[in-house]
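Engineer: This is the structure I have questions about; it appears just below.
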Amino acid sequence: MAQGHRPDRVGEQIRDELSTLLTRGAVHDPGIGFITLTHVKVSPDLQVARVFYTSLGDDKARKETAKALTRATPFLRRQIGGILHLRRVPELEFRFDQSIANQDRIEQILRDLHDEEARRTAGGDPSGAVPAASPDDTDDE
């Protein structure tokens, strides 16, 4: 029998509860800096929950946060087990979410292209129109 959207619902519950635990200071590890849980992907059999997060800081701070989350994983799993009523509490795997950095990079590229286009139109043809093709440029085959 298909599970439907149950893994998605369980993932949302896990993300909400982990966010609450981390923001209320239930984890007393100074290595866990300011993190944001972006989403949780739960396997169809509800055995593994991959928790994707982002954090502020440089690469060194990101590695320290990853180590701190690894240390806190058993505690967080016990807390989740006490809050959610599941037959078996999923194993938690914390992974840094690269998609946010990739989105920032794409936005920067688009801004650069837009700025370059604005410079071209300001320096060249003010109308920004593309020159019309001459009769020799047509491709008649």
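The values are calculated or read from the model by the stated rules, or taken from the named source; none is laboratory data. Since this is a predicted model, take the numbers as computed values, not measurements. Cβ sites come from the backbone with ideal geometry, for glycine too, and all protein chains shown count toward neighbours.
Engineer: Going through Ala68, Ala101, Ala49, Ala72 one at a time, which residue ends up being of a type outside the set (D, E, K, R) and either without any contact (Cβ under 8 Å) to a residue 12 or more places away in the chain or loosely packed, with under 15 Cβ neighbours inside 10 Å (or both)? Break it down stepwise before answering.
Structural biologist: Working: Ala68 fails: either without any contact (Cβ under 8 Å) to a residue 12 or more places away in the chain or loosely packed, with under 15 Cβ neighbours inside 10 Å (or both); Ala49 fails: either without any contact (Cβ under 8 Å) to a residue 12 or more places away in the chain or loosely packed, with under 15 Cβ neighbours inside 10 Å (or both); Ala72 fails: either without any contact (Cβ under 8 Å) to a residue 12 or more places away in the chain or loosely packed, with under 15 Cβ neighbours inside 10 Å (or both).
Being of a type outside the set (D, E, K, R) and either without any contact (Cβ under 8 Å) to a residue 12 or more places away in the chain or loosely packed, with under 15 Cβ neighbours inside 10 Å (or both) holds for just one of Ala68, Ala101, Ala49, Ala72, which is Ala101.
Engineer: State all residues of the range 51-91 that are touching a Ser or Thr at 6+ places or on another chain (Cβ under 8 Å) and either basic (Lys, Arg) or farther than 19 Å from Glu12 by Cβ (or both); if no residue qualifies, say none. Write out each step before concluding.
Structural biologist: Let us first name the residues in the range 51-91 that are touching a Ser or Thr at 6+ places or on another chain (Cβ under 8 Å), namely 52-55, 57, 61-62, 65, 90.
Residues satisfying the conditions are Ser55, Gly57, Ala61, Arg62, Thr65.
Engineer: Any residue at all in the range 93-105 that's under 30 Å from Leu21 (Cα atoms), in a loop (DSSP other than H, G, I, E, B) and at pLDDT 90 or above? Working first, answer last.
Structural biologist: Of the residues in the range 93-105, the ones under 30 Å from Leu21 (Cα atoms) are 93-104.
Subsequent filtering for residues that are in a loop (DSSP other than H, G, I, E, B) retains 97-98.
Those still in the list that are at pLDDT 90 or above too: none.
There is no residue in the range 93-105 that is under 30 Å from Leu21 (Cα atoms), in a loop (DSSP other than H, G, I, E, B) and at pLDDT 90 or above.
Engineer: In the range 1-54, how many residues are charged (D, E, K, R) and assigned to a helix (DSSP H, G or I)?
Structural biologist: Initially, the range 1-54 is screened for residues charged (D, E, K, R), giving 6, 8-9, 12, 15-17, 24, 29, 41, 45, 50.
From what is left, the residues that are assigned to a helix (DSSP H, G or I) are 6, 8-9, 12, 15-17.
Looking only at that region, the number is 7.
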